[in-house]
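Visitor: Next up is a structure, given as structure tokens.
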């Protein structure tokens, strides 16, 4: 642990929180401006999606490098230069004049921003005593979760009134302030100037991650394994990961230390953090289009509903601080239990769902997220060697990213395929041979006697079919929450903490 004055520790925490919130806001804000970007840069929906795909790809590839970067250059330098590169590339995203330029700057933005979360978390775990880890990790986790909620909300409003470029420009002042603060806040430390990078491990893992992200990002559009591209990418990912595993087991100084996998709590924590990523981000992708297209909520009201999730995160984070006096598994079981309740609730929604239900469910989800994050992190790193902390945190954030990408892709696929299947089953009942439809009371205000009436009826059937698809996706969400609880019970129990 680094011995710093209390005021300096608070300064470090504030800097790290602002940096992580900026990065998370940038990750999700682009979703709110993509429709405008598509029109302004004359791109197709598939082309404009590369602005998201390459950002995620760069982040996933560069994040595992954090351990080597910290050992080679020191955390203070890594955090400062990562923030500087992230701030500049974010500004250049706003100035981009072509889709190619935007994609390139998004690639740089993801690569430079990748170390911010693992380095920031590693710093606060070192400058604060172990007895305060629960509090500072709760604060850090709140920033990680609030950023993806506030960012798209503000980006959407600014894009509507000032243009899509302000979805990027709004992040620049905050990130710039964090950059300046990082130069003075983060302490200097010993560096291993002669430490070389394990290029075989780095390249094999990077190729495996890149291929996996391409599969998850493009699978739905290309119809998964019916696509030659997806088949090739899966094969490349499998071969590259096999090379990485064999090399890591035999190299004297591998890219990622195999010792990470000898700590039971840490390994279980990796699985739990992957499930946490699945449960945390998937509702943020599924619920806005559900509320807009199926429930008919206006854009402003959707932002209001999302804000309740943020309020829930703050509630859960506050409760997690109080829950530190108990076994950390209690908080995790409580959090995943709330996720189960919210999933069952969402799986029983209908097209007349009131605003109160959506707000209350969002608050419940947020509370669960706040309760889960802190005990997962503190338990996973309680027994891990401090020398492995930087790369251990990087791998944990990578698992969270892969878990969320995987489950979002699977959930969207489930919604689309269920919608198509349910539409086919429901539409086939609308037939002149269905005698029930000849009864006036069965059709209500719908009509099959005109083209306009048939079009309106087809639209309504599609709306009902899509709602069933969303309900199926939320059943998967509930099952994932249930699976997490046995893993929690496998964690090592509480032990006496060092100061």
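Read-outs throughout are calculated quantities, based only on the coordinates presented, and are distinct from any laboratory measurement. Remember, predicted model here, so these are calculated numbers, not experimental data. Here the Cβ is made from the backbone with ideal geometry for all residues, glycine too, and neighbour counts use every protein chain on show.
Visitor: Report, in deg cm²/dmol and to the nearest 500, the calculated mean residue ellipticity at 222 nm for the chain, where each DSSP H run with n ≥ 4 adds -39500 (n - 2.57) and the sum is divided by the residue count. Intermediate results must be reported in sequence, preceding the final value.
Guide: Numbers: 19 runs with 377 residues, N = 499.
Here the helix-only value at 222 nm equals -26000 deg cm²/dmol.
Visitor: Right, another one. Given axes a ≥ b ≥ c from the Cα gyration tensor, I'd like to know whether region 39-93 is rounded (a/c under 1.5), prolate (a/b larger than b/c) or oblate. Display every interim value, and only then the final one.
Guide: Details: a/c = 6.87, a/b = 2.11, b/c = 3.26.
Here region 39-93 falls in the oblate category.
Visitor: To test your reading of the geometry: what angle, between 0 and 90 degrees and rounded to tens, separates the Cα axis of helix 199-218 from the longest principal axis of the chain?
Guide: With rounding to tens, the tilt is 20 degrees.
Visitor: Put a dot 7 Å past each Cα toward the Cβ at residue 184 and residue 348; how far apart are the dots in nm?
Guide: Label-label distance for residue 348 and residue 184, simple model: 5.6 nm.
Visitor: Roughly what angle does helix 116-127 make with the longest principal axis of the chain, taking Cα atoms, 0 to 90 degrees, to the nearest 10?
Guide: Orientation of helix 116-127: about 50 degrees from the principal axis.
Visitor: Would you give the gap between the C-alpha center of region 197-257 and the C-alpha center of region 395-428, rounded to a whole Å?
Guide: 22 Å
Visitor: Determine, from the Cβ-Cβ distance of residue 428 and residue 231 and an R0 of 41 Å, the FRET efficiency 1/(1 + (r/R0)^6), rounded to the nearest 0.05.
Guide: My answer for the efficiency is 0.80.
Visitor: Same structure, new question: Kirkwood hydrodynamic radius for region 1-193: how many Å is it when counted over pairs of different Cα atoms? All intermediate terms of the calculation are to be shown ahead of the outcome.
Guide: Numbers: mean 1/r = 0.0591 Å⁻¹.
One over the average 1/r among Cα pairs gives 16.9 Å for region 1-193.
Visitor: Quick check: residue separation of residue 314 and residue 475 times 0.36 nm, minus the Cα distance between them. What number comes out in nm? Could you put the intermediate results ahead of the total?
Guide: On the way: separation 161, 0.36 × 161 = 57.96 nm, distance 2.60 nm.
Going from the current span to full extension adds 55.4 nm.
Visitor: While we're here: Expected output is a single nm value to one decimal: the length gained when fully extending between residue 238 and residue 337, i.e. 0.36 nm times separation in residues minus the C-alpha distance. What is it? Provide the component values of the computation, followed by the final result.
Guide: Details: separation 99, 0.36 × 99 = 35.64 nm, distance 3.46 nm.
In short, 32.2 nm is gained.
Visitor: At what distance in nm do the modelled label points of residue 42 and residue 267 sit from each other, each positioned 7 Å from its Cα along Cα→Cβ?
Guide: 5.6 nm
Visitor: Same structure again: Figure the gain on full extension for residue 100 and residue 292 (residue separation times 0.36 nm, minus the Cα-Cα span) and round it to one decimal in nm. Walk me through the intermediate numbers first.
Guide: Values: separation 192, 0.36 × 192 = 69.12 nm, distance 3.05 nm.
That works out to 66.1 nm of additional length.
Visitor: Suppose each label sits 7 Å from its Cα in the direction of the beta carbon; what would the residue 463-residue 386 distance come out to in nanometres?
Guide: 6.1 nm
Visitor: For helix 264-289, what angle does its Cα long axis make with the longest principal axis of the chain, in degrees from 0 to 90 and rounded to 10?
Guide: So the inclination is approximately 40 degrees.
Visitor: So, R0 is 35 Å and r is the distance between the beta-carbons of residue 250 and residue 483; what FRET efficiency does that work out to, to 0.05?
Guide: On the way: r = 34 Å, r/R0 = 0.96.
Calculated value: 0.55.
Visitor: Which whole number of Å³ per residue matches the convex hull of the alpha-carbon atoms in region 198-254?
Guide: Working: hull volume 3.1 nm³, N = 57.
Taking the convex hull of the Cα positions in region 198-254, it is 54 Å³ per residue.
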